[in-house]
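S.K.: Handing you this structure, nothing more for now.
Quick note: the coordinates plus some simple rules give every number you see, no bench work behind them. Keep in mind the model is a prediction, meaning the values are calculated, not measured. Cβ placement follows ideal geometry from the backbone for every residue including glycine, while neighbour counts extend to all protein chains displayed.
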Amino acid sequence: MRTIAHISDVHFGREDPAIVEGLLEAVAAAEPDVVVVSGDLTQRARKKQFWAARQFLLDLPRVPQIVIPGNHDISLTSVVDRAFKPFKRFKKFITSDLEPFYTDAEVAVSGINTVRLATVNDGRIKPRVVKIACGQLEGAGTGKARVVVTHHPMDVKPGDWKQRTVSKSKDAMKKFGDVGVDLFLSGHLHVGRTIATSARYKFKGYSAVVVHAGTAVSTRRRGQANAWNIIRVEGVGPDRGIIEVQPMQWDDVAFQPMALERYIKGKDGWALKSSKK
């Protein structure tokens, strides 16, 4: 079994210091094997904010990290920076690898940069990076949970389809389905929830799990308390496996577990089997 700590939208520059401290304690207690941070580390891509984000990453448990940028991690006001060196500070303070990859005996995790320079909010997933990620995941071998991390969502909950998925998501999802991606992790919406892709993407014999993370520590909440996810994957292979998603929500004192969702993999892919406290 592998445990993934899924954190997103920390927005340093608009963070609550008490919640930052609570998050660090809660993540340490979860004893993750991998930490995923799915973008928006800063509020306005300023040096001071990146310094704070860097220190936060250093304070997390000493395990492998997959960290990708979000749309707030490039300058909003500098036309020159957006056009010619949009990720200069992200690369300097966080990581120079905008498409990171990690694999071990049980998981293979591919991070994808979906930031779109021409717009402030929306994202796009490019065919080139999809090809790279698919090659990484296939090359990692069989018998592993295949995970894709994006900032902008690959899918949203039915009924919330007014929320935009990342541009070119349908084409990308077909490619990801061909290589059997099991799990998609994203942020951006500041709302945590878990769904199966089969409601939107009608690919025969394929369904994956999509997990959105809320905003972990920032004051930019959208109707939900600050939250992050503990994700456990076990025994993943062809037609078998378990993914458990445990949202952790702030209650003004500490992060508390919410309803746990369990997905089981069968011949038609992943499906929700239970949800309980």
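S.K.: From the C-alpha gyration tensor of the range 197-277, pull out the three semi-axes of the equivalent ellipsoid (sqrt of 5λ each), sorted largest to smallest, in whole Å.
M.R.: Value: 28, 14, 9 Å, ordered largest first.
S.K.: A further question on this structure: Please say if the range 1-128 is rounded, prolate or oblate, where rounded means a/c under 1.5 for a ≥ b ≥ c the square roots of the C-alpha gyration tensor eigenvalues, and otherwise the choice is prolate for a/b larger than b/c and oblate otherwise?
M.R.: oblate
S.K.: So who's got an amide H within less than 5 Å of the one on Gln256, skipping anything under 5 residues away but keeping other chains? H placed 1.01 Å off N, in plane.
M.R.: Hits under the 5 Å cutoff: Gln249, Trp250, Asp251.
S.K.: At R0 = 30 Å, how high is the FRET efficiency between Leu58 and Ala254 if r is their beta carbon distance? Nearest 0.05 is fine.
M.R.: 0.85
S.K.: If the reach is capped at under 20 angstrom between alpha carbons, list the aspartates and glutamates near Lys48, excluding any in the same chain fewer than eight residues apart.
M.R.: The reachable aspartates and glutamates, counting only those whose Cα sits under 20 Å from Lys48, are Asp9, Glu15, Asp16, Glu21, Asp40, Asp59, Asp73, Asp81.
S.K.: Got a sec to turn the phi values of the range 267-272 into Karplus ³J(HN,Hα) couplings, 6.51 cos²θ - 1.76 cosθ + 1.60 with θ = phi - 60°, whole Hz, x for Gly and Pro?
M.R.: Here the 3J(HN,Hα) series is 5, 9, x, 8, 9, 5 Hz.
S.K.: What distance in nm separates the two pseudo spin-label positions at Glu21 and Thr219, each 7 Å out from Cα along the beta-carbon direction?
M.R.: 1.7 nm
S.K.: Using just the C-alpha positions of the range 234-277 as equal point scatterers, what log10 of I(q)/I(0) does the Debye formula give at each q in 0.15 1/Å?
M.R.: Computed log10 I(q)/I(0) values: -0.45.
S.K.: HN-Hα J couplings of the range 113-122 from phi, Karplus 6.51/-1.76/1.60, θ = phi - 60°, integer Hz, Gly and Pro as x?
M.R.: 7, 10, 5, 10, 5, 7, 10, 7, 10, 6
S.K.: Still on this structure, I have one more. Quick one: if the Förster radius is 30 Å, what FRET efficiency do Arg44 and Lys273 give, using the C-beta to C-beta distance and rounding to 0.05?
M.R.: Efficiency for this residue pair is about 0.10.
S.K.: Helix-derived [θ] at 222 nm for the chain: sum -39500 (n - 2.57) over DSSP H runs of at least 4, divide by residue count, nearest 500?
M.R.: -6500 deg cm²/dmol
S.K.: Moving on. Once the mean 1/r over all distinct Cα pairs of the range 129-277 is inverted, what Kirkwood radius in angstroms do you read off?
M.R.: The Cα-based Kirkwood calculation yields 15.8 Å.
S.K.: Taking the Cα centre of the range 2-276 as origin, sum charge times position over the Cβ atoms of Lys and Arg (+1) and Asp and Glu (-1), and report the length of that vector in debye to the nearest 20.
M.R.: Using Cβ point charges on Lys, Arg, Asp and Glu, the range 2-276 gives about 1240 debye.
S.K.: Mind computing the radius of gyration and Dmax over the alpha-carbon atoms of the chain? Å is fine for both.
M.R.: Cα only, the chain: 17.3, 50 Å (Rg, Dmax).
S.K.: Let me ask another. Checking the table Lys131/Lys265; Lys91/Lys131; Lys131/Lys175; Lys144/Lys267; Lys144/Lys168; Lys47/Lys92 against a 18 Å threshold on Cα-Cα, which pairs fail?
M.R.: Lys131/Lys265; Lys91/Lys131; Lys144/Lys168
S.K.: Packing-wise, with mean Cβ within 10 Å as the measure, how do 50-63, 217-230 rank, highest first?
M.R.: Ranked from most to least packed, the peptides come out as 217-230, 50-63.
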